[in-house]
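What follows is a single structure, written as structure tokens, with notes after it.
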Amino acid sequence: EGRIVAGARADDGTWLDGAASIARGGDEALRFESLAGRNTTLAVVATNAALDRAALGALARAASAALYRRITPAATPFDGEVIFATAPVSGGVTTSAAQIEALAVRALEMAIERGVRAAAPGDILEE
């Protein structure tokens, strides 16, 4: 679906377009700076496909689309996101890189949504 399930909220509780707020500058941008280091997202994408090191890097980069689709803002100077990709050292199934990458994006989107829904209200950092 691509809808945002996590990220910054406006004063009225609706999702804030974090990228637009930062681009506008002013008080809204300062608000993000005050939260620096509190919004890190770490992810691991694991596959049973036979991939070399370069393909693993491409897989991790492709999976980052899930962050941009589900979390806003993502990849700002105020937070940090990193995605690790892993595959078997030997063996593994053979399939196209495009299919593996598409599946990784979808799986990470689902994991982000599941994580947000499973979080207890007290687990969310408040200002």
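The values are calculated or read from the model by the stated rules, or taken from the named source; none is laboratory data. Treat the numbers as computed from the prediction; the structure is a model and nothing was measured. With ideal geometry, Cβ positions are generated from the backbone for all residues, glycine too; neighbour counts draw on all protein chains shown. Surface areas here come from the heavy atoms of the whole protein model, side chains and all, with no ligands, DNA or RNA. Shrake-Rupley method; radii C 1.70, N 1.55, O 1.52, S 1.80 Å.
Miscellaneous remarks
- In segment 38-83, the residues that are within 18 Å of A104 (Cα to Cα) and not hydrophobic (A, V, I, L, M, F, W, C): T41, T47, N48, D52, R53, G57, R61, S64, Y68, R69, R70, E81
- Whether a residue is within 29 Å of D17 (Cα to Cα), under 13 Å from the mean Cα position of the chain (by Cα), aliphatic (A, V, I, L, M) and in a loop (DSSP other than H, G, I, E, B) was assessed, and A74 passes this test.
- Within segment 92-104, residues that are charged (D, E, K, R) reach no partner that is in a loop (DSSP other than H, G, I, E, B) and surrounded by 13 or more Cβ atoms within 10 Å (Cβ to Cβ) with beta carbons closer than 9 Å at six or more positions or on different chains.
- Residue pairs whose Cβ atoms lie under 6 Å apart, sitting 6 or more positions apart in sequence or on different chains, and linking a residue in segment 7-21 that is under 19 Å from A66 (Cα atoms) to a partner that is among the hydroxyl-bearing types (S, T, Y), are G7/T72; G18/T72.
- Residue check, A58 in contact with a Leu (Cβ under 6 Å, 6 or more places away or on another chain), at pLDDT 85 or above and among the hydrophobic types (A, V, I, L, M, F, W, C): no
- Residue that is least open to solvent (accessible area, probe 1.4 Å), among those in segment 1-34 that are of a type in the set (D, E) and at pLDDT 70 or above: D17
- Scanning segment 35-55 for residues that are within 15 Å of T76 (Cβ to Cβ) and open to solvent by 70 Å² or more (accessible area, probe 1.4 Å), we see that the one that is modelled with the highest pLDDT is T40.
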